[in-house]
2 protein chains.
Amino acid sequence: MRDYAKMLKEHSLKATFQRMTILSALDTMGHANIEEIYETVLKTHPTISLATVYKNILTMVQEGVVVEVPISGEKSKYELKREEHLHLICKKCGSVSDMPMRESIKEETEKIARSSSFKPFRRQINIYGICKNCRDI
Amino acid sequence: MRDYAKMLKEHSLKATFQRMTILSALDTMGHANIEEIYETVLKTHPTISLATVYKNILTMVQEGVVVEVPISGEKSKYELKREEHLHLICKKCGSVSDMPMRESIKEETEKIARSSSFKPFRRQINIYGICKNCRDI
DNA sequence: ATAATTGCAAATTTTTTGCAGGTTC
DNA sequence: GAACCTGCAAAAAATTTGCAATTAT
């Protein structure tokens, strides 16, 4: 559990309970799309509106507090901003899990970008497949 | 220009002119979202309906003739299926360009997957930044 | 105090669907 | 000629907007 109020204030966003609830939901869920976030926050704060979830996800993504994870064939999920990592995405159960980024991958992608005079900001690596759980079934 | 009819038939899809036109549009554009595809096919075949574009993109993605490229902060784009590669995505002009996949990246991602007993099918790597053109302006 | 944020309801945009007629193999 | 595909119009789903009331700083 992180200090959500601090995260928000560092980006000059007001620490409303709606935002704190959304961040807390993302923190426990790891990755979730708008609908999933909305359903989760409703459980503890039934007055939060869907429009507020939309507006805040947009704002918090713009401010870099939250990161969008676009996924083939699904609606985008969102996660709290943290160190760079990659995603293992199970095509069976839909789970998303984080794995640390390797230095060598960073270096290779830097090289590739450099070879096109492309100035990279950030990477996004998704690996699609079947997770351990679904495989064992 | 590839043999679109063949591509379709290999996946037991009928080679309608609507599908051929969509594939041809993707071939020339490289990457495009639904709206862009629709606008482009309209130029040569003004009778094609938007619903047909939606239905066909869905079908052709399911059959693996076309691949979805989900992009942070934008609507998904689509491209013709081809060898594995990665994407340089310019946050200024929105251009997407393909770069060859490096062996070492494949290997590293295999290792990462293996370490979680995850069985990988395919990777998707997006590098976001500023392209040469936009940088020079 | 004030500037930002919220919830609501409505508007807009995006995507999906059902079906009668047409096309491909 | 059978199964598949199309266009249309309508329905459903997803997202955005405007605004008066509320809240954080």
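Numbers for the structure displayed
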quantity	calculated
GNM top mover of B:108, B:39, B:83 - chain B, alpha-carbon springs below 10 Å	B:108
Region B:85-135 - convex hull of alpha carbons, volume per residue in Å³	85 Å³
Whole-Hz ³J(HN,Hα) from phi, Karplus 6.51 cos²θ - 1.76 cosθ + 1.60, for region A:113-122, glycine and proline x	4, 4, 5, 10, 6, 9, 9, x, 9, 7
Carbon and sulfur %, accessible surface of region A:4-80 computed with the full protein complex present, 1.4 Å	55 percent
Rounded accessible area per residue of chain B, 1.4 Å, Å²	53 Å²
At 7 Å out from Cα toward Cβ: residue B:45 inter-copy label distances (nm, ascending)	5.0
Between region A:13-68 and region A:77-118, the alpha-carbon center distance in angstrom	23 Å
On Cα atoms only, tilt of A:50-62 relative to the major axis of chain A in degrees	40 degrees
For chain A: relative contact order, % (alpha-carbon pairs under 8 angstrom, 6 or more apart)	19 percent
Alpha-carbon Rg with Dmax, taken over region A:4-80, Å	11.5, 35
For the B-to-A rotation axis, chain B residue with nearest beta carbon and its distance in angstrom	B:70, 2
Per-selection Kirkwood Rh - the protein assembly as shown (Cα, Å, 1 d.p.)	20.5 Å
Contact surface A-B: accessible area buried, both sides summed, square angstrom, 1.4 angstrom probe	3500 Å²
Lys, Arg +1 and Asp, Glu -1 on Cβ, resulting dipole of chain B about Cα centre, debye, nearest 20	140 debye
Calculated log₁₀ intensity ratio I(q)/I(0) where the Debye formula runs over C-alpha points of chain B, q = 0.16, 0.17, 0.20 Å⁻¹	-0.92, -1.00, -1.21
Region B:19-137 - share of DSSP beta bridges that are antiparallel (%, nearest 5)	70 percent
Those residues of region B:69-86 for which accessible area with every protein chain present is at least 50 Å² below the isolated value (1.4 Å probe)	B:72
Mean separation of Cα contacts under 8 Å, 6 or more apart, over the residue count of region B:85-135: relative contact order %	53 percent
Inter-copy separations for residue B:85, label at 7 Å along Cα-Cβ, nm, ascending	3.1
Portion, in percent, of the accessible area of region A:85-135 that falls on carbon or sulfur, probe 1.4 Å	49 percent
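The values are calculated or read from the model by the stated rules, or taken from the named source; none is laboratory data. Nothing here was measured: the structure is a model prediction, and the numbers come from that model. For neighbour counting, all protein chains shown are included, and Cβ atoms are generated from backbone atoms with ideal geometry for every residue, glycine included. Areas reflect the complete protein model, heavy atoms only, side chains present, ligands, DNA and RNA absent. Shrake-Rupley method; radii C 1.70, N 1.55, O 1.52, S 1.80 Å.
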